[in-house]
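Structure record follows, encoded as structure tokens.
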Amino acid sequence: MPAYSTNMRLKFPILALILEIITIALFGIFVVYDDGKGHDAHQDAHQDPHHGDHHATNSSETSPMDLYPMFQDVHVMIFIGFGFLMTFLKKYGFSSVGINLLLAAFGLQWGLLMQGLWHMDKGKIKMDILKMINADFSTATVLISFGAVLGKTSPVQLLIMTILEITIFSINEHLVVSILGANDVGASMIIHAFGAYFGLAVARVLYRPGLRNGHENDGSVYHSDMFAMIGTVFLWMFWPSFNSAIADRGATQLTAVINTYVSLAACVLSAYAVSSLVEHRGKLDMVHIQNATLAGGVAVGTCADMQIQPFGAMLIGLVAGIISTLGFKHLSPILASNLGIQDTCGVHNLHGMPGVLGGLAGIIAVAMGKAAKGSAAMQAAALASSLGFALIGGAITGLIMKLPIWGQPPDQNCFDDSLYWEVPEEEGEHDGSLAAAEKNKTEA
């Protein structure tokens, strides 16, 4: 094992501290509290990554803390939902939850700066709950991409990915919202599709021929799958907040909650049904249940605040559950064997395809006049922009991450916490290793 390349003692602390010091300096120069004065509502409208018109957000009738419950819900999704969803690997739980926390904590700071720079007021980024929600959203893209390369990257590589991805994300977001004027309230296109295809492009560039036939640690055990279900249930419960957090207040926000709520419910039924249909002797597969049951939340995102009626949202959820489950069963092996895309968490099935489905549903809904404003052509341009920025940006980021200085783990140490963490021994493991040592001594 090339210890010189994976030793984190200097490169990780130096990079982490330098990034934090730079971020603090930038906050010192640009970021102030929002005093509620001196900017008109349109600035928050433009800053909002998913919605064109935000006239209600900072009006005098609303309290600065009105959005705090929604913010907390999104925060839970980012740190508990995404973190625990990735704990299914048998020897990678520390990294799944722990590096998720690291990337999200840095990403939300960087995201606040990158998104805020487009919408400054007198040279300052005025920080409020809405900007905190949007910063959390920007980290979601990174955590989705993290799932595609889970187990095969070092913490240093992932910090590099966080800086680059959030920077590229904020450019695409500004283009989609402020220039194209597209609707994407729940971010099917600009978070889910973008994060998935960015991660897949990175995974393709970082392809490991040595893992072509799998790896002994690239799998789950009973308790690791149970931990992953914690992430699933938290995400499932809080997804209506994710899709409605930055919708216009009142009836529109309620519409987004209702559409997400029923889409998720329908999605669960179709995911369970298809899982039973395609698995041996009609059994359910925990991988499908952990992931495909959430696809309805992803797919309904773009038109969550549109007048598609509850049955329309349920249809979207039904289709999302079907394509996501079939993707896990049939498409992931094809991507790995034919295209060299080793997608650890199957983000293509949970975020990629359902994100594109959401974008297409948005085009149809706008064309049918279900949205307050917007054009189908701009919706299509927004989807194309998100996919283009993701694939090109992900490929460039992957090339930078591939540089040997970042401490990429060797093939034999992939999917194993012990390379980067102090891991306590399992009960009985110590006795076993002592016995093995004694046996080796005797043989010698």
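The values are calculated or read from the model by the stated rules, or taken from the named source; none is laboratory data. Please read all numbers here as calculations on a predicted model, not as lab measurements. Virtual Cβ from ideal backbone geometry, glycine too; neighbours counted across all protein chains shown. For the accessible areas, the whole protein counts, side chains as well, though only heavy atoms, and no ligand, DNA or RNA atoms are used. Shrake-Rupley method; radii C 1.70, N 1.55, O 1.52, S 1.80 Å.
Things worth noting here:
- Spin-label pair Ile364/Ser63, simplified geometry with 7 Å Cα→Cβ offset, distance in nm: 4.1
- Nearest-20 debye value, region 174-281 charge dipole, Cβ charges on Lys, Arg, Asp, Glu: 160
- Label-point gap, in nm, between Asn217 and Asn338 - each point 7 angstrom along Cα→Cβ: 3.1
- Over 22 Å between alpha carbons, listed pairs Lys90/Lys402; Lys131/Lys152; Lys122/Lys373; Lys283/Lys329; Lys37/Lys124; Lys90/Lys329: Lys90/Lys402; Lys131/Lys152; Lys122/Lys373
- Distance in nm between pseudo-label sites at Leu254 and Arg9 (7 Å out along the Cβ direction from Cα): 6.2
- The alpha carbon radius of gyration of region 168-238, expressed as a multiple of 2.2 N^0.38 Å, is 1.57.
- Fluctuation leader among Leu235, Leu383, Leu102 - the chain, Gaussian network, Cα springs under 10 angstrom: Leu102
- Zero-based 10 Å bins, Cα pair distances in region 171-315, whole percents: 11, 30, 33, 19, 6, 0
- Dipole of the chain [Lys/Arg +1, Asp/Glu -1 at C-beta], most positive-end residue of Leu339, Pro155, Thr302: Leu339
- P(r) weight above 13 Å for region 297-337, C-alpha pairs, percent: 57
- Under the Debye formula (equal points on every Cα, no solvent term), log10 I(q)/I(0) of the chain at q = 0.06, 0.09, 0.11, 0.13 Å⁻¹: -0.25, -0.55, -0.81, -1.12
- Dipole magnitude of the chain about its Cα centre (Cβ charges: Lys, Arg +1; Asp, Glu -1), debye to nearest 20: 940
- Residues with amide H under 5 Å from that of Asp121, placed H, sequence gap 5 or more: Lys126
- Within the listed set Ser418, Ser178, Ser241, the Gaussian network model of the chain (springs between alpha-carbon atoms below 10 Å) gives the highest mean-square fluctuation for Ser418.
- Subtracting the Cα-Cα distance of Trp421 and Ser375 from 0.36 nm times their residue separation leaves 11.5 nm of extension gain.
- Estimated from helical segments only, the mean residue ellipticity of the chain at 222 nm is -19500 deg cm²/dmol, where each DSSP H run of four or more residues counts as -39500 (n - 2.57).
- Where Rh is the Kirkwood radius over Cα pairs, Rg/Rh for region 243-332: 1.07
- Protein accessible area in the chain, 1.4 Å probe - carbon and sulfur %: 67
- Taking N as the residue count of region 262-404, its C-alpha radius of gyration divided by 2.2 N^0.38 Å amounts to 1.14.
- Between region 124-178 and region 293-307, the alpha-carbon centres lie 21 Å apart.
- Extension reserve of the Ile400-Ala16 stretch, reckoned as 0.36 nm per residue once the Cα distance is removed: 136.5 nm
- Computed E for Lys122/Ile230 - FRET, C-beta separation, R0 30 angstrom, nearest 0.05: 0.10
- One compactness figure for region 240-296 is 1.43, namely its Cα radius of gyration divided by 2.2 N^0.38 Å.
- A Gaussian network model of the chain, with springs between Cα atoms under 10 Å, assigns the largest mean-square fluctuation among His223, His280, His119 to His280.
- Average accessible area per residue (Å²) across the chain - probe 1.4 Å, nucleic acids and ligands excluded: 42
- Signed unit charges on C-beta, dipole axis of region 159-293, positive-most listed residue Leu211, Thr293, Ile166: Leu211
- As computed over region 125-229, the Cα convex hull volume per residue (Å³): 146
- Taking the charge dipole of the chain about its Cα centre, with +1 at Lys and Arg Cβ atoms and -1 at Asp and Glu Cβ atoms, the residue from Ala320, Ser270, Ser375 reaching farthest to the positive side is Ser375.
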